[in-house]
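Please treat every number below as a calculation from the coordinates, not as lab data. Not measured: the values here are computed from a predicted model. We place every Cβ from the backbone using ideal geometry, glycine too, and count neighbours over all the protein chains shown.
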Amino acid sequence: MNFLELCQRLRQEVGGAGTGPTSTASQTGESDRLVQWIATADEDIQRARANWNFMRAAFTVQTTAGVAAYSASDCGITAFRDWVQRRFKSYLTSGGVAGEIMLHKIEYDQWYEVYNRGTPITGSPSTFTILANQSFSLAPIPSGIFTISGEYQKKVTTLSGDSSTPAYPEEYHLLAVYKAMMSYGRYTGATEVYQDGYNRYVEMMAQMELTQLPRIRLCGPLT
């Protein structure tokens, strides 16, 4: 469902008058409140968990010889929140992906002591750290063109325009409606609407958590 359809569904669920909203832009009165409640609910759902699968995406960047640090924008990322630090890989571009290795992440203090003093070490990157400005820095410093790939978590985005859709899978889009019903119930004092929205939201959120959160892996016995 798109943004406008979600707003219209909200009006139906709360028993609002009329057939609107007819647009998500330039609304007034209750129509404007319906639009804002859906938009806010959608943002809240994105923030509900820090590790949603649907908020994860892949990136690839080619290094420049002698340049260690790369920002999200250098990687072509426009909606960046954080790096998935277990997913960084590297290979010499001219050698092909068959030579790809996993990069080992080290904490900044250790990286600073080992790599950020004396004569810079160049070569094939094997480690990386995250700098204070959220760029990642490779070590050794790339001696040529390497292809670095990995994953990142997206930042929260705002629904904009009638046809925009939530980031989560379509089967869960009604979460925004159920969440918005709670806002409507608080605003109007309609406790039955609030409770109905709450119950349906909790049920569907539990379903989405089963499919959109990383699986928990059990470790073997400690020795």
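Given the chain, what percent of its DSSP beta bridges are antiparallel, to the nearest 5?
Values: 23 of 27 bridges.
The antiparallel proportion sits near 85 percent.
With a cap of 10 neighbouring Cβ atoms within 10 Å, and only residues DSSP puts in a loop, list the GluC sites (Glu not before Pro) found in the range 29-135. Don't skip to the end; give the middle numbers.
Details: sites: Glu30, Glu43, Glu100, Glu107, Glu113; in loops: Glu100, Glu107.
Here the sparse-neighbourhood loop sites are Glu107.
So for the range 55-154: antiparallel DSSP bridges make up what percent, rounded to the nearest 5? Can you show the working numbers first?
Numbers: 23 of 27 bridges.
Here the antiparallel bridges make up roughly 85 percent for the range 55-154.
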Determine, for Phe54, Phe3, the number of other Cβ atoms within 10 Å of each Cβ, and report the residues in order from fewest to most.
Phe54, Phe3
Using R₀ = 45 Å, calculate the FRET efficiency as 1/(1 + (r/R₀)^6) where r is the Cβ-Cβ separation of Ala206 and Thr119; round to 0.05.
0.20
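Can you list which of the trypsin sites (Lys or Arg not before Pro) found in the range 1-52 are DSSP loop residues with at most 16 other C-beta atoms within 10 Å?
Details: sites: Arg9, Arg11, Arg33, Arg47, Arg49; in loops: Arg49.
In loop regions of the range 1-52 (DSSP not H, G, I, E or B), the sparsely surrounded trypsin sites (Lys or Arg not before Pro) are Arg49.
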Remind me, relative contact order of the range 55-154 in percent, using alpha carbon pairs under 8 angstrom and six or more residues apart?
47
May I ask which residue of Ser73, Ile106, Ala190 lies farthest towards the positive end of the charge dipole of the chain, with charges of +1 (Lys, Arg) and -1 (Asp, Glu) on Cβ and the Cα centre as origin?
Ile106
When the chain is treated as a GNM, springs tying every alpha-carbon pair under 10 Å, which of Ala176, Ala57, Ala25 comes out with the largest mean-square fluctuation?
Ala25
Lysines whose Cα lies under 29 Å from that of Lys89, excluding same-chain neighbours fewer than 8 positions away
Lys105, Lys154, Lys155
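Enumerate by residue number the trypsin sites (Lys or Arg not before Pro) in the range 81-157 meeting two conditions: DSSP loop (anything except H, G, I, E, B), and at most 15 other Cβ atoms within 10 Å of the site's Cβ.
On the way: sites: Arg81, Arg86, Arg87, Lys89, Lys105, Arg117, Lys154, Lys155; in loops: Arg117, Lys155.
Taking the range 81-157 and a limit of 15 other Cβ atoms within 10 Å, the loop trypsin sites (Lys or Arg not before Pro) found are Arg117, Lys155.
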Under the rule of -39500 (n - 2.57) per DSSP H run of 4 or more residues, summed and divided by the residues of the chain, what mean residue ellipticity at 222 nm is obtained, to the nearest 500 deg cm²/dmol?
-11000 deg cm²/dmol
Mind computing the radius of gyration and Dmax over the alpha-carbon atoms of the chain? Å is fine for both.
23.2, 72
For the range 55-154, projected area of the alpha-carbon convex hull averaged over all directions, nm²
5.9
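Please order Asp42, Asp196 by the number of other Cβ within 10 Å, starting at the fewest.
Values: Asp42 27, Asp196 17.
Ascending Cβ contact count within 10 Å gives the list Asp196, Asp42.
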